[in-house]
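First up is the structure itself, then whatever we jot down about it.
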Amino acid sequence: MASSITVLLWNKANKEGLFPIAIRIIKDRKPSYIYLGHYISKEQWNSVEKCVRKSHPNSVRLNNLIRAKLAEITDKSIELETNKTQVSSQTIKRTIRPKAESTVFFQADLYIQRLEADRKYNRHSADKPRVKKLKTFLKHDIPFSELTIPLLKRYKAWLKAEYKMSERTAVNHLVVVRSIFSQAIDEKACDAKYYPFGKGKIQIKFPDSLKVGGTSEDVAAIEKLDLSEFPDLNHARNIWLFSFYFAGMRVSDVFRLKWADFQNGRLFYAMGKNNKGDSLKVPDKAQRIIDQYASQQDETGLVFPELKGLDSLDDPFTVQMRIKTKLKAVNDDLKEVAKKAGVTKKISMHISRHTFGNISGDTIPVQMLQKLYRHSTVTTTIGYQSSFINKSADDALDAVIGK
């Protein structure tokens with residue numbers, strides 16, 4: 001007996017009061033159901049024509065999906081019945097229904113779970129809300145074949161309109177989608193032919209960002225500020241200046257410093273981002289800062305208090321979580337420090353690195369800056385420092401229009 005295949009609206013609603021669209025397969029009087037992953041209200045379903053009414057905003061897309069799935073199931077049913085004498089409705093269903101692993105929501109959740117399992121706290125913290133926004137936009141889980149170029153362009157436009165995102169922030173969200181797509185392909189959960197990124201498709205291109213650093217006058221004002229009555233602000237000022245004195249040392253590296261890293265007037269440390277190690281002379285100004293913490297030495301061996309109290313510094317996820325929390329507190333205090341010092345520019349821990357770059361300008365050879373910044377390549381240093389080298393461009397402008 002041939003299979004009976006029809007589309008219908010299932011009679012049990014979800015918690016939002018919407019009903020799933022399903023395809024019923026009856027073989028030898030035994031039914032099986034394939035759910036398409038989309039939910040609508042009863043008023044939006046035409047039970048006679050067995051299609052979504054035009055009142056639904058995505059009626060055309062949903063009806064195209066229904067027709068395509070009906071054709072696929074019918075073809076597969078005929079193929080199976082041609083090659084086998086005994087075919088059940090469950091057999092047809094198993095050959096048609098996509099595995100859960102092949103859907104966007106499943107792979108997105110797996111992506112976040114793996115970031116946590118790999119103890120990559122910073123990426124986990126940043127990408128988890130990005131995945132949530134993707135789910136909000138899509139509303140329902142879909143196969144990767146439906147995550148098309150036009151849909152992703154609408155997603156980017158929606159992010160900018162709904163959240164007032166900058167171009168760079170919106171691109172960061174697309175990077176997460178690209179990572180999820182690549183993971184699905186690696187997992188054999190998606191055919192590479194559906195990959196929407198690359199030449200002639202959606203290209204990930206970050207806009208140039210303007211780096212703004214403080215001036216030597218800003219640094220002097222912060223150094224001279226009397227914060228003896230404000231210990232929290234004084235500590236935030238110390239952290240910022242210490243980072244600046246070591247060419248804008250990253251805050252995660254500052255927080256991890258131990259007393260053992262200081263030997264014979266030099267600081268020995270490996271930068272956490274690329275594990276690039278070296279040593280630098282400890283300037284007198286930096287020495288005066290760490291002297292303030294000498295009485296606080298304990299079994300942790302840490303110079304600064306931010307990571308003290310953790311059970312272990314070997315768990316990167318826990319350490320990065322603590323760093324993020326403490327960094328916010330330091331940056332909040334730095335806003336008040338800047339206000340008291342009369343500095344109008346934004347002051348944060350990241351700005352200490354930009355400030356060093358701005359003050360050094362083109363006065364330090366790029367090879368030496370590469371060493372100070374701990375960049376892996378001189379090209380990275382040139383790109384970074386280009387935001388702060390203005391003299392040549394200014395001289396060229398003066399040569400044409402005069403001073």
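Taken together, the values in this text are just the output of simple stated rules run on the coordinates, not laboratory data. In this text, all values refer to a predicted model and were calculated from it rather than measured experimentally. Every residue, glycine as well, gets a Cβ built from its backbone with ideal geometry; the counts of neighbours run over all protein chains shown.
The table that follows gives values for the structure above.
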{"item": "Filter on 54/153; 128/156; 12/50 - keep pairs with C-alpha separation over 20 Å", "result": "54/153"}
{"item": "Summed residue charge, Cβ within 13 Å of residue 115's Cβ, Lys/Arg positive, Asp/Glu negative", "result": "+2"}
{"item": "Footprinting exposure proxy for 51, 190 (fewest neighbouring C-beta atoms within 10 Å first)", "result": "51, 190"}
{"item": "Charge sum, other residues only, whose C-beta stays under 13 Å from residue 226's C-beta, Lys/Arg counted +1 and Asp/Glu -1", "result": "+1"}
{"item": "Neighbour-count ranking [beta-carbon atoms within 10 angstrom, fewest first] of 349, 321", "result": "321, 349"}
{"item": "Residue order, fewest to most beta carbons within 10 Å, for 333, 291, 232", "result": "291, 232, 333"}
